[in-house]
Amino acid sequence: MTHLGKTTGEQSAKDTGTHTGKLTGMRTGRDGLQRVVAAALLSSTAWLTSGVAADTAVLAGGCFWCMEKDFEALDGVSEAVSGFTGGTAENPTYRGDHTGHFEAVEITYDPTVVTYQDLLEHFWVNVDPFDARGQFCDKGPSYLSAIFVADEDERALAERSKAQVVERFPEQTVVTPILPTATFYPIEGDEIHHQDFYRKSPVRYKAYRWGCRRDQRLREIWGDDATV
């Protein structure tokens, strides 16, 4: 992550028993093997059912196509879903009413692999925190960057990470707000093609990203810390 500031022993046994003893030994060995296999299966099932529950985070960084791509590249992130949040319109759509909403992604992640702090560090180096009109070539309220926090722990981490960005760029104004989580509306229905757009339409996605100069601007701001 970018930081903002037994040996086993072998057993052998000599077969000295009668024919009956040999058969008994074979049955015992077979039963023992079955018990070992059963124990392994139970252990595997327990690991699957009692593992650490996945967490979610909601972040806005302009075009959700790009945010999906940037976060699904992280180890520990299982999914980034495109959608809208933070506004007043119910059931917002891309081509319809999304008054007050941010284009955002809902990120599902394994906190034993990647932490919320890791996500925040990755977020900052993938946005322009000084743009008060949108992000990169996309301008308008829905393209503004934002961090949505679910509780006080997330807020504390978000405030700390923002303070590090402010300290790094003392002559610029960091405009990315930290907001309470609101209802997240995933893109669906006849606009479902926006989900995983970078995979479904890789040529169009790359042309858009290049034409928007997203990566060029990120390198200008973050230098070697940019992940592009």
Flagged in the range 91-124 as outside any strand (DSSP E or B) and of a type in the set (A, V, I, L, M, F, W, C), in numbering order, are VAL113, VAL114, LEU119, LEU120, PHE123, TRP124
Residues of the range 167-217 being among the charged types (D, E, K, R) and within 18 Å of the chain's Cα centre (by Cα), in sequence order, are ASP196, ARG199
Scanning for something on the phi > 0 side of the Ramachandran plot and of a type in the set (Lys, Arg), does the range 196-214 turn up at least one residue? yes
Among the residues that make up the range 209-216, is at least one of them under 19 Å from GLU79 (Cα atoms) and surrounded by 12 or more Cβ atoms within 10 Å (Cβ to Cβ)? no
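Quick note: the coordinates plus some simple rules give every number you see, no bench work behind them. Predicted model, so just to flag it, every value in this text is computed and none were measured. Cβ coordinates were reconstructed from backbone atoms using ideal geometry, including for glycine residues, and neighbour counts include every protein chain displayed.
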